[in-house]
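Here the structure comes first, spelled out in structure tokens, and everything after it is commentary.
The values are calculated or read from the model by the stated rules, or taken from the named source; none is laboratory data. The structure presented is a predicted model; accordingly, all values stated were derived computationally and were not measured. Here Cβ is always computed from backbone atoms with ideal geometry, including for glycine, and neighbour counts include all displayed protein chains.
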Amino acid sequence: MFALCVGVPANAQTGVAEVDSAAAARGAYSRASAALRANDLPKARTEMTRAATAWPSQPAYVWGRAVVSARAADTAGTLAALTDYAALGLGRDIAEGAVAPFRDLPAFAAVRARLDSNRAPRVRSTVRAQLPDSTFWPEGMDYDARTQTIYVASVRHRTVAAHSANGATRELWARSQPTVGAMMGVRVDAKRNVLWATTSGLKQMNGYAPADSSIAALLRIDVATGAITRRWDLPAVQGGHVLGDLAVGPNGDVYVTDSSEPVLYRLRPGVDTLERLTHPLFRSLQGMAPTPDGRTLYVADYSHGLLRVDLATRTVTRVADAPHSTSLGCDGIAWHNGAIIAVQNGVAPARIVRFVLDPSGTRIVRDEVLDQNIPLAGAPTIGAVVGDRFVYVANSQWDEYDDDGRRLPKTTLSAPRLLSVPLGKSLP
């Protein structure tokens, strides 16, 4: 089985200023890090300030300002940087690292309190389901309302589990099949009685061999039997593919993100080819959320935030962040009543957040934290809207293994859990 990938160029000029700003920030951050290693504090401070100014919603750059200011024993500069970091709604602990000596100074009491408040657990969720095997390593999930079945993809065991309402769990095929890689995204197309999934050859999967790096495919699965009825394989590229998530549009279009290359793929109903969409704003693509009218696709980019794709014109724009907020570091996302529900695991602390959009869908007017810093959700990844709740993978196992798939010492695996948080109505 094969796939012919057709290139579809995007409007390369859209978002160029933002791309330039992000590139300038990354370059400055790299130079600042090198200067820190060389103990050249003046250069490190200049470059880190340049990075944070060019891309102020990137928490790493703002925190970096605090670190270099602290290393330079600049009390005012450290306080200013920590204040800006806290204003993003984030809450790293300043009792560690270079900023620790400033923690108990009277001038830092207010910002310390705000950081502590930002970091405090906000527990609104309950356990929706739990899988029996602690080694399963869940990533993507989706829900079939017709059968009340939750489907969960396994990175480690290269299969998909079906968890029924009565608590029984079965795997759709035997683990570690030779032509199947780590299972990443999984989505139900109930109208067409199809389950879609993505697979990639990753070192974290059980039984990995170097030849497996060429595995990268979109799979169509029969819901009734669990049989893979078709696959669209991508041609091998240097560095490999990481097909992290997928989404199904209201018309049956299937969208797939490759966070490694990075490319957005689209498979239209009745068409046998995958369309390629590239854009300068694409850097680390993650989850997607189609709008109910089928005109727009929102895409989470780990480095650049939320992106908006006009599917008719193929124009890509960055969704403007709300004041004192950041949409960077989002993994799985979903659409719900004019807002994007996101698993934001690339910030401290990890959280489930609702990004409320303006009527045009081009700007975030505010963010609302739904779940945050929960002991049961140490490494959340992908979720789905189920009725009036958001159900998400709470404890994937990326932090328990190294990049080569070796279990880290002194780590404890726990049974995979899916948490369910009420969505309710957006705050006025």
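One line per residue, one yes/no per condition, for (1) in a strand (DSSP E or B); (2) among the polar types (S, T, N, Q); (3) in contact (Cβ under 8 Å) with a residue 40 or more places away in the chain:
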{"position": "Leu328", "(1), (2), (3)": "no, no, yes"}
{"position": "Ala334", "(1), (2), (3)": "yes, no, yes"}
{"position": "Phe355", "(1), (2), (3)": "yes, no, yes"}
{"position": "Ala384", "(1), (2), (3)": "yes, no, yes"}
{"position": "Tyr392", "(1), (2), (3)": "yes, no, yes"}
{"position": "Pro409", "(1), (2), (3)": "no, no, no"}
{"position": "Thr412", "(1), (2), (3)": "no, yes, no"}
{"position": "Val421", "(1), (2), (3)": "yes, no, yes"}
Considering only residues that are exposed (fewer than 15 other Cβ atoms within 10 Å of the Cβ) and either in a loop (DSSP other than H, G, I, E, B) or in contact (Cβ under 8 Å) with a residue 60 or more places away in the chain (or both), which ones fall in the stretch 84-102?
Ala95, Glu96
Conditions (1) outside any loop (DSSP other than H, G, I, E, B); (2) more than 14 Å from the chain's Cα centre (by Cα); (3) crowded, with 19+ Cβ neighbours inside 10 Å; number of the one not met by Thr317
(3)
Looking at the structure I just gave you, is Pro380 surrounded by fewer than 17 Cβ atoms within 10 Å (Cβ to Cβ) and either at negative phi or in the same structural domain as Val155 (by TED's automatic domain parsing) (or both)?
no
Regarding Tyr302, is this residue within 9 Å of the chain's Cα centre (by Cα) and under 20 Å from Ile382 (Cβ atoms)?
yes
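Quick grid of which residues meet (1) in contact with an Asp or Glu (Cβ under 9 Å, 6 or more places away or on another chain); (2) more than 19 Å from Val186 (Cβ to Cβ):
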position	(1), (2)
Pro235	no, yes
Leu243	yes, no
Ala247	yes, no
Asp253	no, no
Val256	yes, no
Glu261	no, yes
Tyr265	yes, no
Gly270	no, yes
Leu277	no, yes
Every residue from the stretch 57-83 that is assigned to a loop (DSSP other than H, G, I, E, B) and either at pLDDT below 95 or touching a Leu at 6+ places or on another chain (Cβ under 7 Å) (or both):
Ser57, Gln58, Ala72
So is Asp293 assigned to a loop (DSSP other than H, G, I, E, B), assigned by TED's automatic domain parsing to the domain that holds Gly332 and of a type in the set (Asp, Glu) or not?
yes
